[in-house]
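See structure below.
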Amino acid sequence: MRLALLLSPLAAFAADGFTDTPILPGTQWHVHDPARPQPAKVAAGKAICQTTPAPSGAVVVFDGKSVDGWQPADGAKKPQLWELKDGTMIARGNDLRTKAAFGSGHYHVEWRIPAGRKVKGQSGGNSGVYLLSMYEIQVMEGFANSTYADGSAGAIYGQTPPALNACLPQGEWQSYDIIFTAPTFDASGNVVNKARITVVHNGVTIQDNIEILGPTVWRKLPAYKVHPEKLPLLLQFHGDPIEFRNIWVAETKASGK
Ligand code: MG
């Protein structure tokens, strides 16, 4: 009995996922279900991962020279900025958010898992890109590491796995091009149009205009709450020194007007 109690947390960890969580609507899968199918691997080209310059009109929120556009996220116990080294921003201490607020648009983010980083499941290679500070696209080591599908690289965390696994090895720069449409709410605060998202990972479309169920939560079903149309972009510190470079946002312009 005592042994079983001692072993049970380890067993849960080894399974890397959960089956005591709610069923996601429209699926047969629990939140963070270890049995949910893994996205098929696709070989992404490295060439596509060279830095993509910001188009004119985009706001460059990290240019490799300064972290002035960022601040520690609310609630940090010992707020600190991330390390700036060799043109990269390295996650440490707390989540970081932009000083500026952004809404619907094209978000370009380049990230790298440091070479030689020891990774297992959700540990070692974890960060995240949070649109409007609350809708997470998972950053994860997914080339040599596996974890529950809705927590893998490019997942809408806790909701929708990527259609494909386009991860490159540790030590390689990777890119996310995220087209995000913010939700809208009525005067009573009820969601009218849920957020939608398209994610291109290393040139491969892995999320194609997918409806987001609500703000990211762990082990629970998400639920919308009214929020401003624009909020800061947030990058997650999950205990791992994930590197970032060349981050820009081109807010959506209405077409045909
Ligand atoms: Mg994460």
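Readers should treat all values here as calculations from the given coordinates under stated rules, not as data from a laboratory. Note that the structure is a prediction, hence the values are computed from the model and not measured. Positions of Cβ are generated from backbone atoms using ideal geometry, with glycine treated the same way; all protein chains shown enter the neighbour counts.
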Once you put a point 7 Å from the Cα of residue 92 and another 7 Å from the Cα of residue 198, both along the Cβ direction, what distance in nm separates them? 3.8 nm
Rounded to 0.05, the calculated FRET efficiency for the beta carbons of residue 100 and residue 76 at R₀ = 22 Å is 0.70
Cβ crowding within 10 Å averaged over residues, with 228-236, 74-82, 216-224 ranked highest first: 228-236, 216-224, 74-82
With residue 148 itself left out, Lys, Arg at +1 and Asp, Glu at -1 over residues whose Cβ is under 10 Å from its Cβ give -2
Quickly estimate the mean residue ellipticity at 222 nm for the chain, helices only: each DSSP H run with n ≥ 4 gives -39500 (n - 2.57), and the total goes over all residues, rounded to 500. -2000 deg cm²/dmol
My understanding is that a pair violates if its Cα-Cα distance is over 20 Å; which of 65/99; 85/120; 46/120 do that in this structure? 85/120; 46/120
Could you pull out every residue, at least 5 positions away or on a different chain, whose amide H is within less than 5 Å of the one on residue 62? Hs are placed 1.01 Å off N in the peptide plane, and Pro or chain starts have none. 247
Heads up, the range 40-251 by the C-alpha gyration tensor (a ≥ b ≥ c square roots of eigenvalues; a/c under 1.5 rounded, else a/b over b/c prolate, else oblate) looks rounded
Starting from the Cα gyration tensor of the range 189-257, take the square roots of the eigenvalues, sort them a ≥ b ≥ c, and report rounded, prolate or oblate (rounded when a/c is under 1.5, otherwise prolate if a/b is larger than b/c, else oblate). oblate
Computed FRET value (nearest 0.05) for residue 42 with residue 187, which takes r as the C-beta separation and R₀ as 51 Å: 0.70
